[in-house]
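Single-structure report; data block below.
Throughout, read-outs are computed from the coordinates displayed, never taken from laboratory work. Everything numeric here is computed off the predicted structure, so don't read it as measured data. Cβ: placed from backbone, ideal geometry, glycine included. Neighbour counts: every protein chain shown.
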Amino acid sequence: MKKLILILSVFVVLVSCNKIENEYVVDESKRGLIVEKAMVVSARQEASKIGTDILKKGGNAFDAMAATQLALAVVYPFAGNIGGGGFMVYRKANGEIGALDFREKAPLAATKDMYLEEDGNIITYLDKKGNIIPKKSTLGALAVGVPGSVAGVFAVHERLGSLPIEDIITPVIDLANKGVVVTKKQEERIKKYQPYFRKVNNNTILFVKNWKENDTIKYPALAETLTRIMKNGRDEFYKGETAKRLVKFIQDNGGIITEEDLSRYEVKWRTPITFEYDDLKIISMSPPSSGGICLAQIMKMIEPYDLAAYGPNSLKAIQVITEAERRAYADRSFYLGDPDFVTVPGETLISNEYLKGRMTSFSFEKATLSSEVSHGSVQVIESNETTHYSIIDQFGNAISVTTTLNGGYGSKLYCTDLGFFLNNEMDDFSSKPGVPNMFGLIGAEANSIAPEKRMLSSMTPTIVERDGKLLMSVGTPGGSTIITSVLQTILNVHEYKMTMQEAVNAPRFHHQWLPDVIFFEPNSFPKELFVQLQSLGYKINEKTSRITAKVDGILVLENGKLEGGADRRGDDTALGF
Ligand code: DON
């Protein structure tokens, strides 16, 4: 039945792009939530509500960012966090743009080969049957990067916020004390991850209980941690009692993070990547995220082709987009890393001249082989979790934030004392050149581990302008598929005139150079399309649950109202007024 509904909804999405000789017309009946002035779209209704309430109180998008980030740490422990990090791209009502990097850092004691055996092989854990299970860079205390989220929240609030911090954090503390109702999807996730929780945590943690839909989980320890942070500010987490307790906990569990690591953590204000596509100006995240550069590369490589004439998810559109993705991800793996440690040739990589050259080997007659673009062979590994939220306030400020613990529930290491999960962001480094991380991404020297270095990310929080005016705030989780999912969402709105809600719901595909395969969302594309692609030399995979993006976005309509797009794939919710 579920399958039938999916197939039907795909059909509806495909035919609902009312196409009259390449002219698409928006189907107004397919809009998501429409509001007059202000909106928050996030992974959970409770977090969107806390953010919206802050806006109703007169707070701006930056106050709402602080509230929503912390609220997600309570209501969405799968990915929302204070034990992880993230990126924010913003556009103020006056057109000023900027970006904040609150990405995790490698601890001072980290070394390039810390996840390798003496013989150079990756260290893995073995299960009872001797099978290799997740690597040390993904599971347990050694996987944890120095968290940046609390510093991020305070940096945003101090520089750009307007309400007192108490007004922002108090509702989150109240929610943690009151508790959060378990959704069906959350019940399934907790069940799926329980073997890992048991393996990593010495004590029975909150999440080992068999929580069922409609149960209420209370978070008193997290409420206490947040109360201390509210009273003592950012330094409580990085230098205060919380820092001491956190470091002791991590070290007791075999980790290497020290008090010095926490006290030295700093966010970085960065210049976002900006570029043009048709009449759009795209503003996206700069390194240490690969998001902005890869998005720019792909969009500029596909810009000369008439995607509207090809049609959404048509053979030709998939070919052009796949070939551009292949080339961009090959560059990603070699050139991109933390710009404070390596020289990233960003300007060249997104220059028209360079990109024109990259596409000269493309032909509609035959797939390019990834081995012709570069070398390597990669196996596919299951994807995990991150979360995105978009906010536009009643003053016209917009933010786009993607934040993560990396894997679902991060390292699975849960600090019962302080009430939160710790990230496993260290896996985003390249532990060994040519060996894939959990997203199947490979890296080189530019993304090797070094003390205090930030690991390369794919997070792509993005803001789009048209004619100098705000058009969209968009982003998503999904590991390596983040960039290509943001891309497809923007194209769906711009090229195919889908509503924001249709654009985030539409079926997606993904190519990342290696493995040399196009991943398709299961049961969402016609089989004849696969036959055509295969005859041209493309490899297809629609079995692996590789497309895990849950895109959230806000579109500014011509009449100035806002439309929310909250991904059907999660519990995502748009709220506003
Ligand atoms: O920064 C990155 O690219 C990854 N740590 C993001 C992880 C992610 O999106 C997992 N969600 N599906």
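Rank-order 23-30, 148-155, 186-193 by packing density, defined as the average count of other C-beta atoms within 10 Å over each peptide's residues, highest first. The partial results should precede the final answer.
Values: 23-30: 12.9, 148-155: 26.5, 186-193: 16.8.
So the order, starting with the most tightly packed, is 148-155, 186-193, 23-30.
Evaluate Rg over Rh across region 377-498, taking Cα atoms for both radii and Kirkwood's formula for Rh. Kindly include the intermediate steps, with their values, before the conclusion.
On the way: Rg = 17.0 Å, Rh = 16.3 Å.
Result for region 377-498 is an Rg/Rh of 1.04.
When N counts the residues of region 130-196, how does its alpha-carbon radius of gyration compare numerically with 2.2 N^0.38 Å, as a ratio?
Details: Rg = 18.0 Å, N = 67, 2.2 N^0.38 = 10.9 Å.
That ratio works out to 1.65.
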Any helix of the chain counts here only if DSSP assigns it H throughout, its Cα atoms span 15 Å or more along the axis, and its mean Kyte-Doolittle hydropathy is at least 1.0, and such helices are 2-15, 61-75, 291-302, 482-494
Relative contact order as a percentage, region 461-565, C-alpha pairs under 8 Å and 6+ apart, gives 32
Rg from C-alpha atoms of region 107-246, normalised by the globular rule of thumb 2.2 N^0.38 Å, equals 1.32
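To the nearest µm²/s, what D does Stokes-Einstein give for the chain at 10 °C and 1.306 mPa s, using the Kirkwood radius over alpha carbon pairs as Rh?
Values: Rh = 23.6 Å.
It comes out at roughly 67 µm²/s.
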From the Cα centre of region 196-242 to that of region 380-442, the distance in Å is 18
Lys248 and Glu158 label points (each 7 Å along its Cα→Cβ direction) are spaced in nm at 2.7
Using alpha-carbon positions, the gyration tensor of region 430-577 gives root eigenvalues a ≥ b ≥ c; with a/c under 1.5 called rounded, otherwise prolate if a/b exceeds b/c, else oblate, the class is oblate
Taking 74-82, 487-495, 220-228 and ranking on average Cβ neighbours within 10 Å, highest first, one gets 74-82, 487-495, 220-228
Dividing the mean separation of Cα pairs under 8 Å (6+ apart) by the residue count of the chain yields a relative contact order in percent of 25
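For region 246-369, take N as its residue count and report Rg(C-alpha) divided by 2.2 N^0.38 Å.
Working: Rg = 19.4 Å, N = 124, 2.2 N^0.38 = 13.7 Å.
This ratio for region 246-369 stands at 1.41.
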Interchain or sequence-distant (5+) residues whose placed amide H lies within less than 5 Å of the amide H of Asp215 are Val182
If the chain between Ala109 and Asn202 were fully extended at 0.36 nm per residue, the gain over the current Cα-Cα distance would be 31.1 nm
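Given only helices, namely DSSP H runs of n ≥ 4 each adding -39500 (n - 2.57), what is the per-residue ellipticity at 222 nm of the chain, to the nearest 500 deg cm²/dmol? Mind dumping the intermediate values first?
Working: 19 runs with 199 residues, N = 577.
Only helices count here, giving -10500 deg cm²/dmol.
Counting alpha carbon pairs within less than 8 Å and at least 6 residues apart, what relative contact order, in whole percent, applies to region 270-422? Provide the component values of the computation, followed by the final result.
On the way: 157 pairs, mean separation 22.9, N = 153.
Value for region 270-422: 15 percent.
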Rounded to whole Å, √(5λ) for the Cα gyration tensor eigenvalues of region 176-254, largest first, gives 27, 19, 8
In whole Å, largest first, the alpha carbons of region 517-577 cover along the principal axes 50, 26, 16
